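Encoded as structure tokens, the structure appears first; notes follow it.
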Amino acid sequence: MGTHFITDDCVACGACEPVCPVSAISADDPVYLLDQETCTDCGACDDVCPVDAIKWEKTEG
Ligand code: SF4
Ligand code: SF4
């Protein structure tokens, strides 16, 4: 299990939003928002972010 999240490094380029298979990412101000309830931790958004603003944190259990 893990948790994906978007950090303040996000430059709101929008690249991550269309690649998410479950539409967990949406535009927000000042940085994009990743809905952790919807996210399946597939990692697709992580691969396309040009500034490496999408991080993944491993959780126990
Ligand atoms: S890890 Fe996958 S499911 Fe989660 S926000 Fe990124 S693209 Fe969507
Ligand atoms: S791809 Fe990265 S910089 Fe672009 S909107 Fe998504 S999190 Fe922000």
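Every number here is computed from the coordinates shown, using simple stated rules; none is lab data. Everything numeric in this text was worked out from a predicted model, so none of it was measured. Cβ atoms come from the backbone with ideal geometry, glycine included; neighbour counts cover every protein chain shown.
Worth pointing out:
- No Cys partner within the rule (Cβ under 4.7 Å), the chain: 10, 13, 20, 39, 42, 49
- Peptides 8-14, 40-46, ordered by how many other C-beta atoms sit within 10 Å of their residues on average, highest first, read 40-46, 8-14.
- Mean residue ellipticity, 222 nm, helices only, the chain: the sum of -39500 (n - 2.57) across DSSP H runs of n ≥ 4, divided by residue count and rounded to 500, is -1500 deg cm²/dmol.
- Taking all Cα pairs closer than 8 Å and separated by 6 or more residues, the relative contact order of the chain comes to 50 percent.
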